[in-house]
Structures are given as structure tokens and as C-alpha cells.
Protein chains: 4
Amino acid sequence: MTNTQITLIQIDNYGPWTVTPEPRREVDLQTLQSRLYADLSQLFGNREGYVFFTRFDNMIAVTNGLDADDHALIQESVSNRYPVTISLGVETDANPTRALGTATEHLQEAGSAQDAARTEVLRGDPLAEADRTDEDVQIAHFDVNDATGKYTDQLNEYDSFIQIEQGYASLMKHMREEHDGLSFFVGGDNIIAVCPAMDGDAYQSAIDHVREDVGVELKVGVGRARTAQAAGMDAKHALETCRHEETTVEFR
Amino acid sequence: MTNTQITLIQIDNYGPWTVTPEPRREVDLQTLQSRLYADLSQLFGNREGYVFFTRFDNMIAVTNGLDADDHALIQESVSNRYPVTISLGVETDANPTRALGTATEHLQEAGSAQDAARTEVLRGDPLAEADRTDEDVQIAHFDVNDATGKYTDQLNEYDSFIQIEQGYASLMKHMREEHDGLSFFVGGDNIIAVCPAMDGDAYQSAIDHVREDVGVELKVGVGRARTAQAAGMDAKHALETCRHEETTVEFR
Amino acid sequence: MTNTQITLIQIDNYGPWTVTPEPRREVDLQTLQSRLYADLSQLFGNREGYVFFTRFDNMIAVTNGLDADDHALIQESVSNRYPVTISLGVETDANPTRALGTATEHLQEAGSAQDAARTEVLRGDPLAEADRTDEDVQIAHFDVNDATGKYTDQLNEYDSFIQIEQGYASLMKHMREEHDGLSFFVGGDNIIAVCPAMDGDAYQSAIDHVREDVGVELKVGVGRARTAQAAGMDAKHALETCRHEETTVEFR
Amino acid sequence: MTNTQITLIQIDNYGPWTVTPEPRREVDLQTLQSRLYADLSQLFGNREGYVFFTRFDNMIAVTNGLDADDHALIQESVSNRYPVTISLGVETDANPTRALGTATEHLQEAGSAQDAARTEVLRGDPLAEADRTDEDVQIAHFDVNDATGKYTDQLNEYDSFIQIEQGYASLMKHMREEHDGLSFFVGGDNIIAVCPAMDGDAYQSAIDHVREDVGVELKVGVGRARTAQAAGMDAKHALETCRHEETTVEFR
Ligand SMILES: Nc1nc2c(ncn2[C@@H]2O[C@H](COP(=O)(O)OP(=O)(O)OP(=O)(O)O)[C@@H](O)[C@H]2O)c(=O)[nH]1
Ligand SMILES: Nc1nc2c(ncn2[C@@H]2O[C@H](COP(=O)(O)OP(=O)(O)OP(=O)(O)O)[C@@H](O)[C@H]2O)c(=O)[nH]1
Ligand SMILES: Nc1nc2c(ncn2[C@@H]2O[C@H](COP(=O)(O)OP(=O)(O)OP(=O)(O)O)[C@@H](O)[C@H]2O)c(=O)[nH]1
Ligand SMILES: Nc1nc2c(ncn2[C@@H]2O[C@H](COP(=O)(O)OP(=O)(O)OP(=O)(O)O)[C@@H](O)[C@H]2O)c(=O)[nH]1
Ligand SMILES: [Ca+2]
Ligand SMILES: [Ca+2]
Ligand SMILES: [Ca+2]
Ligand SMILES: [Ca+2]
């Protein structure tokens, strides 16, 4: 069984800030958002977590191994370096969607995302060290077969992008609806999914579904470990096995 | 009529680099990609351009006003600061998709995206200063109505994200198929589209299409100008007018 | 004759901010300061200017070619991305120290560096385009001879650093007192000086002074141009000539 | 007694890289150096260490609590994100200068700083967990009295800078020669020193020395702890006590 600790990261009252006193230059907003994401990747990543950019104003992280103090320090470090602050909701569950659901409720109960008085909330119970196991996190790293040969080197870049996006849209819904897994596009032709305990057949049928639904061919490497970082690195090595063995689903 | 100059930015031989000598840590790749995007936003943005992250290994920019030297300097600045290099294809057309198509071909003709010998390509003809007009770029800034009240404060964050993604997937296909416009998710509930000359009815029917297709309600502000930066800022002000007047489509 | 436009960049009310509500973590302050400097290097550098980190809370830039709008945009871009704001004083003079003196007075007259009500000041008259010439900026790039062989590969790193610092302290005072030039350590064994019109003998005697004063041996390349960027690049090429010809002072 | 673990960070073969194939633009070098420093501040700082920029191509860190794996991961993270690589030498001693001396020798014995074949060296023995104590690190945070009133608001910024630099030059030599302490300018009017076990009288006489030598008036807060981060934060709180009590030397 998995036991995934999920943290919801929400920029406080960000919408109003972007247009006060008048609309801020989009290039600066893009710079702010992507650097905040890069910094959070490092702040969580240096503690073995993974962060996904999602909508940038709301990001989702897998944070097994990070306690309340780690979260507080990350929150403080952001407020020391950015013109915006962040709120954090934390929760753990065998089911990643349920974990995120409760993490989200922690923030919603504290007030609206656009409530100027609701800032730097930190709520939820990180998983106690004693309750952690080496199979708490299951990460699946999906990748499109020969994206370079089939898309990048053939189509105009926007049409390549549409193909990848359609594969992603199909996979994200399948994983959410069938397994309560959370799938994130991470650039290129790569999708990383935070999964409950799923077996090889389940992954194969996800891949079959995407091929039948939108014609995009995927392979997947899967890792299980105590932290997102370790599970994710195992998933990458498993994906390399898919490449070398020409297989579709590999665990490691 | 519009005359949009599009630049395709492609990281050279990036796929192989990510797994050589073995898979690199995902947090570092995410940091690299998002910082490169942030830097390109500033490098193009300081010259009045807009960059969209698209797939991160391939990014699309609107670059009216940037000549070949500007492109070369950006290319050099990246190679001075990153472990990877970029190739650039540039082209101008009344039809944004056609401009991107030719820009993409410039790179494809120089070799594969995963050809280790094809690096730092810079091809294509930037628009001559004498041929530029104050209506060359049309930017539409779409935004979801009350995303905070309907999604962010109600659903778990992943389900909010799915709603936004579905709105985006529907709009991106409609704009590409009906108008050859290029639409990009820019975070939160915002989509910025690079459009050919389109009138108010065309925008209204795009919004109607998305509402009927996936139930997501949009508004849009549209700007036209000599550069992406100026058109985009006009679009943002027009969007504020939508907010204050409770209208759906505004030009400025 | 030179005509150097100098901009003083001052973080507003920074001292109190660093200890409110209690002392902020030093690593975050260091990150904030060095990234702000990196961003300003790019923001001014993309417009052909040079910035020097000086004390980090006060930085000095050579900004020939940047007008009031450019300065305002940089100021806005910082406030869009940082928890602090900056004030800017601008002035031009044949004598770099006098230019900086007046630029500094512009801010001092607006209030104290630690006056919470004095924020985002922008004062001074950038040089009119019509008054600019190709010899406005003279940049000298000094470098220690064989720093690697004599220091880095021989001494403990702190003692190497003391040698370089002593060379710098000696040069900075000589240039300030004898020529009203402004010299900045830029890392490694390099010092970049913003100079009035000085000839080869003046540079040779500066180098002689440092050797006699503290035993550190320098060479220097000098460039003159319309902007800091062009003059600085000429200076670097001249320094390469020193290396190849084994000379001590080269102009280009 | 203190037991300070020092890490020397050296960019590999950096001098030649800066001029190959021809001199690189200074603004890009400045950006590269200051961002690398910012990243190292975070990478070491997230593990309770402190980094000082020193010469930027050679930086000095206090790394009690970081083992060989932590060092290797930081080295890898830099190579994943920068066009340059770093070598690391690590050593511990009651005497900070001696620790740095041995750390430096580890790299010197592996080859020259400008040997293209000597890259990513990692040598030295981090302190075993069992040998660590709560008094291993002594950090002194020095600050100039009323720098704003006496310098920043009065003099031109370069002359303010010269005052601060002279105070720093005087302190750095005194601490190195009398106590084998390592003092680093960290911006503004602040100097952080990594010290052996020193008592209040020793700090008072350092402050007296600087006042008599160059007329700059300092105060100092001192902290002792298991890590640089904890000792440094204690030092900052002690400095606040100096401010409130109008004292010159405070321990905490
Ligand atoms: N985020 C992330 N992106 C990656 C990674 N590996 C590859 N990519 C991206 O995927 C793109 C395509 O690379 P590949 O998947 O190696 O190439 P391909 O043509 O699809 O070939 P095969 O997958 O081997 O069939 C690259 O340009 C990267 O953007 C990774 O580990 N993480
Ligand atoms: N990139 C970008 N994102 C923005 C901008 N303005 C708002 N956003 C994002 O959009 C999110 C929602 O903010 P709003 O659109 O103001 O809020 P809303 O609840 O949808 O309200 P209305 O749009 O006014 O109906 C914010 O959290 C931001 O992420 C912008 O100018 N650029
Ligand atoms: N900021 C900056 N630093 C540089 C530049 N070139 C070299 N450096 C720095 O100077 C250090 C020493 O490099 P060099 O000056 O090439 O080496 P050297 O041993 O002194 O040899 P020579 O100067 O050729 O006698 C490098 O590690 C860099 O930190 C430059 O263009 N700009
Ligand atoms: N690196 C760093 N710099 C600081 C810190 N606190 C203040 N500074 C710098 O020091 C400068 C001067 O601030 P203060 O020392 O508070 O002001 P002051 O006028 O000298 O007043 P007193 O020190 O209270 O006598 C600021 O602009 C900052 O650059 C700190 O904790 N770390
Ligand atoms: Ca692939
Ligand atoms: Ca909205
Ligand atoms: Ca040298
Ligand atoms: Ca002070």
C-alpha cells in the first residue's frame, strides 16, 4: 500500500495582486511564477520531495519525509525573497486524490484564495517518522515513444504540442477517474504520475487507453520508495529499461 | 492585417542530454527548464517580445521588433549561462501558424532536434523595420470567469486544474482549427492567444464554443500593436474593462 | 573627453527590513542580494549598461544610452519580482566621481536611505541622445598576472583572497584620489574601472603604484565607446592583447 | 573549543573558459557568478551551512553537518544546471584557517585550478556525526554603527563604499593574523567572521583595532552552535541586543 503525503502550495491573494494598481507586465509575472516554481523545486527537492507546476498559482507537491518545520522554513524562505507569500495544506492518504482533497480543504477552511487576510496558512499533519515505510510513494514516469521522429522533426511545433497535450489530457483523466492518480506534464513528452498501489496490468491498460483514445503511444517506468525523489529516480531507470528492452511497462 | 513574427526556440539535443551518462535528477531538470524559460522571458521581454513555455524543450515566441543580432545575442547569452544550447528559427506571416510552420522548417531542414551536430542554428528573416506597422500583432488574453469562486475555493486543486485544462484544450483546438491562432496557457486561469486579424464575433464564437464544449466560461481582452508587449498590455487593460463592464469581449 | 552617465541603485529602507519582525535568515538575504544583482546586470546589460555590486544594498551602474523610461521600467520590473523596491539617481559628467556624487545627492535630497516613506525615487537627467559621442565611456579592465600560479595554486584560498583584496584596495584608492575613477572588483582577479579620459602613462603609473604599494602585479586593457558594454568588450580584447604580446597596458 | 568544517568551492578551469573562444560578455559572467553563488547559498543553506562569495571563482563555506554525499549531490546539481563544474575540498579543524589550508591542499594536490583535466574533484573527510558538538561553530556578525547616518546619507556612494572597505580590510587582516579567523563582507555594512573559540576581550580588541586603524566603528554579535546556520542566527540576535542595549560585544 502507498501512503502519499501531498502538499498544496497556493500563492496568497495572487489574482488581485496581478492587477493592482494596474495590470502588471506579463513577462514579469511569467518570470516570477517560473522562478518561484524553480525555487520550490529546489527547496522541496533538497528534502527529497517533488513539486509540479500545475497552474503555477497553485502547485502540488509530494512531500513524504518533510515535517511541519520543513514546511514552515520553505514558507519563510519564499516570503524573504518574493513579493508574494504562500499558504500550505498538507495531508497523507493511500489515495493521492484524497490526500490532496483534504490538503485543499485545509486552505479552503481558512478562507478564500482571494482573501487578503488569509496569508501564510500552514495546516495539516505531516506523516510521523514512525509510520513511514519504503513503499509509501509510487511514481510513474510516462514518455511518448519516438516523439522526436514522429512529431518534433515532422510537424510545426504547435501541432507537435497539440499531440502531446492530447496524450496528456487523455492520460490525466483516465488516471484520475480510474485510479485517483495525479498526472503532471513535466515538459518535452514526459508525464509524471503520483499513483496509489497499481500493478503492471493497470499501467498497461492506461497506455492502451491513451493509444485508442488519441493515438499517442506511451511507455512507463514505475518506482516505489520512501520518498518522491527515490521513487522518481527508480521510475527513470525503469524507463531506460523500457528503452533498452523495447518494453512498455517496467517496475523497479 | 496582422504580420506576426514568430521564433521557435529549441533546446539542442536535449533528450539524450537528460539521460547521459544516466538519468539526471528531475528536480534539477525542472529547475533548469523553468529558469531557462524565465531568462528567455526577460531576454525577449526586454526587447518587447513574449515567450510561451509550451513544452519547455521547445518554446514559442512572438518577436516583432527583434532583428537577427538580437536573436544571436540571446543565443549567446544562453550558451554563456547554461549547460545546454538553443537553436532559433524565425519567420513572419499574417497567419501565426504559417509563420511558426516555416520557422519550424528552418530548424528541421538543418537537422533533427536530436542530432548532436546540429547546434545553435539561427535561420530565417526577421521583418525589416520598414515593413512594420502598428497593427502587426494581435494578442487576445482569455480568462475564466470567477475561477476562484467556482473552482479554487470549491474543488480539490487537481479537479480545479482539470477544469482549466479542459477549457484550454477546447480553446486551443478551436483557435488552431478555425483561425490558425496559437493559444498558450500562462498559469492560473489565463490563456494568451497570438491571433490573426479576428473581429469581435469571432472571439465571441470561440467563447461560446468552449462553454458549449466543456462548460467553462471565458472572457477576453484583445490588443493590437507593433509589438507583443504593447498588444499584450492593451489586451490586459481590455480584460479589466470586461471585468468592470461585465462584458465578454473587449478590444483596445 | 568622456561623458559618463552613472546611476546609483539603492534598495529602499533595506536595513530595517532585514531585521523585521526579527532577523531574517542570512542565506535568504544573500540569495536575495545576489539575484537582484544578477537581474540588474541583465536588465541594464540588455540595454548596453554595466552594473557593479559594490555593497549590494547600493550598486553603481554605467548607463549611457538608457533614458528615463528605461530606468522606470527596470524599477517597475524589480518591484514586480522582489519583496523590496529600489530608488535610482542618474547623472552624467566627464568626471565619473562627480557624476556619482550628483546622482547620490538626488537620492539624499529625497530622504534618508532608511526613510520608510522614501521609496522608488527616480531622479536626474539622462544624457540626451543628441549629446552622445563614441568616446563617452572609458572602461579599464585590470587583471592580476598569473594569479593561478602565484596564489590560487600555492596559498590557502583566504590568503590568495587577501592578496587580491590588497591589490584592489590599493588600486581603488589610487584611481579615486588621482583620477576620480571608480574601480570595482568583479570576481577572480579582475577589477573593472570606470575612468575619465586617461592616457597610457596614467595607467602605467597606476600599475606601478600597486606593485610598489602591495606587491601585486597587474596588466590592463582599455576600451572607449558609446556604451559601457562596447567599451568593456574592447577592454577585454585589449587585455587579451596584453596576454599575447606580454605587455602591461593596451588600448583598443 | 570549536571544530569548524570548511569547504573550498572552486570553479574548474574557469579563467580559460571566460575567454574561449573569445572573451565572454561581462554581464553574462556576472550573472553566472552571482547566480551560482545564490544557488550554492541555498544548496548549502538548506543543509544548515553558510557560503561566502569571496572571489566568486573560489568560494568558502562552513559546512558542519554536511557529509560526503551532501557534497556530491551539490556538485552534481551544479553540473546539471551550469556550463561550468566545481571541485570541493573539505576539512575540519579547531583553527578555521588551518581547516581551509588543508581543504585547499586537497584541490592543489589534485592539480592546478586551470588544469582542464582536473574537474569535479571531491576530497577530504567530513566530520563524523559522533564527533560533533554544540559548540563546533563560532560565528561573529560585525556591523558598522550608524552607517546610514555617517556614510550612506552623507557621502557619494563610492566614498561610503571606501569607508566600509577600509573597515573590512583592517578587520580581515587583524582576525587572520591574530586569531586565524576568516572574515567575509556580506553586503551593506556587514562582515561575518568564522572564528576559533574567542572571548569577549578578543572581540573588543578587534573592534578597538579597527577604530584606531581606520576610524570605522563596529559592534559585534557572537553565536556558538552545532551548525553555521544556528550560530549565525544567534549572532544576529546578539547583534540586535547590541543595538537595544547600546553595547559593543554580545554573545548568545
Ligand atoms: N522532464 C523531463 N523531460 C525529459 C526527460 N527525458 C527526456 N525529456 C524530454 O523529452 C524530450 C524527448 O526526448 P526523448 O523522450 O529522449 O526522445 P524520443 O524521440 O521521444 O525517443 P524515445 O523516448 O527514446 O522513443 C526531450 O526533448 C525532453 O524535453 C526527463 O527525464 N525529464
Ligand atoms: N499569467 C497571468 N495570470 C493571471 C493574471 N491575472 C490573474 N492571473 C491568474 O488568474 C488567477 C485567478 O485570478 P482572477 O482571474 O483575478 O480571479 P477570478 O476568481 O477568476 O475572478 P474574475 O476573473 O475577476 O472573474 C490568479 O490566481 C492568477 O494565477 C495575469 O495577468 N497573468
Ligand atoms: N569577471 C571576470 N573574471 C574573469 C575574467 N577572466 C578571468 N576571470 C577570473 O580570473 C581568474 C583567473 O584567471 P586568469 O586571469 O585567466 O588566470 P591567471 O592565472 O591570472 O593568468 P594570466 O592572467 O593569463 O596571467 C578566473 O578564475 C576568473 O575568476 C573576466 O573576463 N571577467
Ligand atoms: N547581509 C546582511 N546585511 C545586512 C543585515 N542587516 C543590515 N544589513 C545591511 O546593512 C545596511 C545598513 O543597515 P543597518 O546596519 O541596519 O543601519 P545603520 O545605519 O548602520 O544603523 P545601526 O547599525 O543600527 O547603527 C543595510 O542596508 C543592509 O545592506 C543582515 O542581517 N545581513
Ligand atoms: Ca520520448
Ligand atoms: Ca479569472
Ligand atoms: Ca589574471
Ligand atoms: Ca549598521
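The values are calculated or read from the model by the stated rules, or taken from the named source; none is laboratory data. Bear in mind the structure is a predicted one, so any value in this text is a computation, not a measurement. Methodologically, a virtual Cβ is constructed for each residue, glycine included, from the backbone with ideal geometry; neighbour enumeration extends over all protein chains shown. Only protein heavy atoms, including side chains, enter the accessible area calculation; ligands, DNA and RNA are left aside. Shrake-Rupley method; radii C 1.70, N 1.55, O 1.52, S 1.80 Å.
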(request) Using only C-alpha atoms and all pairs of different ones, pull out the Kirkwood radius for the protein assembly as shown in Å with one decimal. (result) 29.5
(message) Please compute the modelled spin-label separation between B:S205 and D:D159, points set 7 Å along Cα→Cβ, answer in nm with one decimal.
(response) 7.2
(message) Compute for region D:4-131: radius of gyration divided by Kirkwood radius, i.e. Rg/Rh, restricted to C-alpha atoms, rounded to two decimals.
(response) 0.97
(request) Report the Stokes-Einstein translational diffusion coefficient (µm² s⁻¹, integer) for region A:137-251, Rh taken as the Kirkwood radius over Cα pairs, at 4 °C with viscosity 1.567 mPa s. (result) 93
(message) With θ taken as phi - 60° and the coefficients 6.51, -1.76 and 1.60, list the Karplus ³J(HN,Hα) couplings across region D:182-189 in order, rounded to whole Hz; mark glycine and proline as x.
(response) 10, 10, 10, 6, 10, x, x, 10
(request) For helix A:68-79, report the angle its Cα long axis makes with the longest principal axis of the Cα atoms of chain A; keep it between 0 and 90° and round to the nearest 10°. (result) 70
(request) For the protein assembly as shown, report the accessible area per residue in Å² (1.4 Å probe, heavy atoms, rounded to an integer). (result) 32
(message) Under a crude label model (7 Å from the Cα following the beta-carbon direction), how far is A:E177 from C:T241 in nanometres?
(response) 7.2
(request) Give the angle, between 0 and 90 degrees and rounded to the nearest 10, that separates the Cα long axis of helix A:228-245 from the longest principal axis of the Cα atoms of chain A. (result) 20
(request) For n ≥ 4 DSSP H runs only, could you compute -39500 (n - 2.57) per run for the protein assembly as shown, divide by its residues and tell me the 222 nm figure to the nearest 500? (result) -13500 deg cm²/dmol
(message) I want the antiparallel fraction of DSSP beta bridges within region B:1-130, as a percent rounded to 5.
(response) 90
(request) Tell me the label-point distance for the pair D:D69, C:A128, using the 7 Å Cα-to-Cβ offset, in nm and rounded to one decimal. (result) 6.8
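For the interface of chains D and C, what total accessible area is buried with a 1.4 Å probe, rounded to the nearest 100 Å²?
6200
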(message) How far, in whole Å, is the closest Cβ of chain C from the axis that maps C onto A, and which residue does it belong to?
(response) C:P83, 3
(request) For D:T85, list long-range residues whose amide hydrogen, built 1.01 Å from N in the peptide plane, is under 5 Å from its own amide hydrogen. (result) D:D12
(request) Can you grab the distance from the C-alpha centre of region D:133-148 to the C-alpha centre of region D:30-48, Å, no decimals? (result) 21
(request) Count the DSSP beta bridges whose two residues both fall in the protein assembly as shown, then state the antiparallel fraction as a percent rounded to the nearest 5. (result) 85
(request) Please tell me which of these pairs span more than 21 angstrom C-alpha to C-alpha: D:K173/D:K219; A:K173/A:K219; A:K150/A:K173; A:K173/B:K236; C:K173/C:K236? (result) A:K150/A:K173; A:K173/B:K236; C:K173/C:K236
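Compute the semi-axes of the equivalent ellipsoid of chain C, taking the square root of 5 times each eigenvalue of the Cα gyration tensor, and list them largest first in whole Å.
Equivalent ellipsoid of chain C: 31, 23, 15 Å, largest first.
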(message) Could you compute how fast region A:102-200 diffuses translationally, taking Rh as the Kirkwood radius over C-alpha pairs and applying Stokes-Einstein at 10 °C with viscosity 1.306 mPa s? Give it in µm² per second.
(response) 95
(request) Would you mind telling me the share, in percent, of accessible area of the protein assembly as shown contributed by carbon and sulfur at probe 1.4 angstrom? (result) 43
(request) Starting at the first residue of region B:191-199, write each ³J(HN,Hα) from the Karplus equation 6.51 cos²θ - 1.76 cosθ + 1.60 with θ = phi - 60°, in whole Hz, x for Gly and Pro. (result) 10, 10, 10, 9, 10, x, 4, 10, 9
(message) Quick one: 3J(HN,Hα) in Hz for region B:151-166, Karplus 6.51/-1.76/1.60 with θ = phi - 60°, rounded, Gly and Pro as x.
(response) 10, 3, 8, 10, 9, 5, 4, 5, 6, 4, 4, 4, 4, 5, 4, 5
